[in-house]
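Chemist: Pasting a structure below so you can have a look.
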Amino acid sequence: MLMIEKTDNTKWRGVMKRNRIIITVLALILLGGVAYGMNYAINYSYYQKVMGTVIIEPVDISSISDGLYTGSFDAKITAATVGITVKDGEITDIDLIKHKHDEGAQAVTIIDDVLGEQSLEVDVVSGATNSSNTILKAIEVALKSDPK
């Protein structure tokens, strides 16, 4: 008589369940990576479009009333929020409240240039052109707003 050995299917079911869990986790990680990449690509496209068309308009600082002014500019990859104190027709302080930057951290030095020149018509920081323009635009927006 031929004897057929019974196999333990429970062991194989456990292996198959573990494999399904691993595949599901890997698929979720891959899906998350694709979603992150697509979001970054959309933001980067917007950033390039905005930064390619941003114009820093001159502001007559001597005509601005005393007070505290706040302004923001957001281009997705770079963003800045500033608080500016104006007294007797001069900018006395610029507080960089928020600065989101890609590789333009050194752009913060443009604040000293604006304070020294009392103008937005200053040279951008080499290697940080877009971050410099983001900070300048936030300063412009602040100076054109109502004081707080």
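Chemist: Being under 22 Å from Tyr46 (Cα atoms) and not in a helix (DSSP H, G or I) is the filter; apply it to the range 95-124 and report the residue that is farthest from the chain's Cα centre (by Cα).
Modeler: Filtering the range 95-124 down to residues under 22 Å from Tyr46 (Cα atoms) leaves 98-105, 107, 124.
Filter again for not in a helix (DSSP H, G or I), leaving 98-104, 124.
Details: Lys98: 10, His99: 8, Lys100: 4, His101: 5, Asp102: 7, Glu103: 11, Gly104: 11, Val124: 18 Å.
Looking at residues that are under 22 Å from Tyr46 (Cα atoms) and not in a helix (DSSP H, G or I), I get Val124.
Chemist: On the basis of being small (Gly, Ala, Ser), touching a helix residue (DSSP H, G or I) at 6+ places or on another chain (Cβ under 9 Å), surrounded by 13 or more Cβ atoms within 10 Å (Cβ to Cβ) and farther than 28 Å from Tyr46 by Cα, does Gly89 make the cut? Spell out the reasoning first.
Modeler: Numbers: small (Gly, Ala, Ser): yes; touching a helix residue (DSSP H, G or I) at 6+ places or on another chain (Cβ under 9 Å): yes; surrounded by 13 or more Cβ atoms within 10 Å (Cβ to Cβ): yes; farther than 28 Å from Tyr46 by Cα: yes.
Judged against the criteria, Gly89 is a match.
Chemist: Also, I was wondering about something else. Determine if the range 95-110 includes at least one residue that is at pLDDT 95 or above and touching a Gly at 6+ places or on another chain (Cβ under 8 Å).
Modeler: yes
Chemist: What are the residues in the range 11-56 that are surrounded by 10 or more Cβ atoms within 10 Å (Cβ to Cβ) and either in contact (Cβ under 8 Å) with a residue 24 or more places away in the chain or not in a helix (DSSP H, G or I) (or both), if any?
Modeler: Result: Asn43, Tyr44, Tyr46, Tyr47, Val50, Met51, Val54, Ile56.
Chemist: Which condition from (1) surrounded by 13 or more Cβ atoms within 10 Å (Cβ to Cβ); (2) modelled with pLDDT under 95; (3) hydroxyl-bearing (Ser, Thr, Tyr) is the one that Thr70 breaks?
Modeler: In the conditions (1) surrounded by 13 or more Cβ atoms within 10 Å (Cβ to Cβ); (2) modelled with pLDDT under 95; (3) hydroxyl-bearing (Ser, Thr, Tyr), Thr70 misses (2) alone.
Chemist: Another question, then. Restricting to the range 62-72, give me the number of residues that are within 28 Å of the chain's Cα centre (by Cα) and within 18 Å of Ser119 (Cβ to Cβ).
Modeler: Adding up the residues that qualify gives 2.
Chemist: What are the residue pairs meeting all of these: first residue in the range 77-93, first residue of a type in the set (Lys, Arg), second residue exposed (fewer than 13 other Cβ atoms within 10 Å of the Cβ), Cβ atoms under 8 Å, and 6 or more apart or on different chains?
Modeler: Close Cβ pairs (under 8 Å, with a partner that is exposed (fewer than 13 other Cβ atoms within 10 Å of the Cβ)) amount to Lys87/Asp66.
Chemist: Does Ile84 satisfy the condition of being of a type in the set (A, V, I, L, M) and crowded, with 16+ Cβ neighbours inside 10 Å? Give the derivation first.
Modeler: Details: of a type in the set (A, V, I, L, M): yes; crowded, with 16+ Cβ neighbours inside 10 Å: yes.
Yes: the conditions hold for Ile84.
Chemist: Follow-up question, since we're still on this one. Can you pull out every residue in the range 115-142 that is among the hydrophobic types (A, V, I, L, M, F, W, C) and either modelled with pLDDT under 95 or surrounded by fewer than 22 Cβ atoms within 10 Å (Cβ to Cβ) (or both)? First the steps, then the outcome.
Modeler: Of the range 115-142, the ones among the hydrophobic types (A, V, I, L, M, F, W, C) are 115, 120, 122, 124-125, 128, 135-136, 138-139, 141-142.
Correct list: Leu115, Leu120, Val122, Val124, Val125, Ala128, Val141.
Chemist: Among the residues that make up the range 70-86, is at least one of them among the hydroxyl-bearing types (Ser, Thr, Tyr), on the phi < 0 side of the Ramachandran plot and in contact with a Leu (Cβ under 6 Å, 6 or more places away or on another chain)? If you could, list the steps in order and put the result at the bottom.
Modeler: Initial filter on the range 70-86 (among the hydroxyl-bearing types (Ser, Thr, Tyr)): 70, 72, 78, 81, 85.
Checking which are on the phi < 0 side of the Ramachandran plot leaves us with 70, 72, 78, 81, 85.
With in contact with a Leu (Cβ under 6 Å, 6 or more places away or on another chain) added as a condition, the list becomes 85.
Yes, some residue in the range 70-86 is among the hydroxyl-bearing types (Ser, Thr, Tyr), on the phi < 0 side of the Ramachandran plot and in contact with a Leu (Cβ under 6 Å, 6 or more places away or on another chain).
The values are calculated or read from the model by the stated rules, or taken from the named source; none is laboratory data. Not measured: the values here are computed from a predicted model. Reconstructed Cβ throughout: ideal geometry from the backbone, glycine too, with neighbour counts over all protein chains shown.
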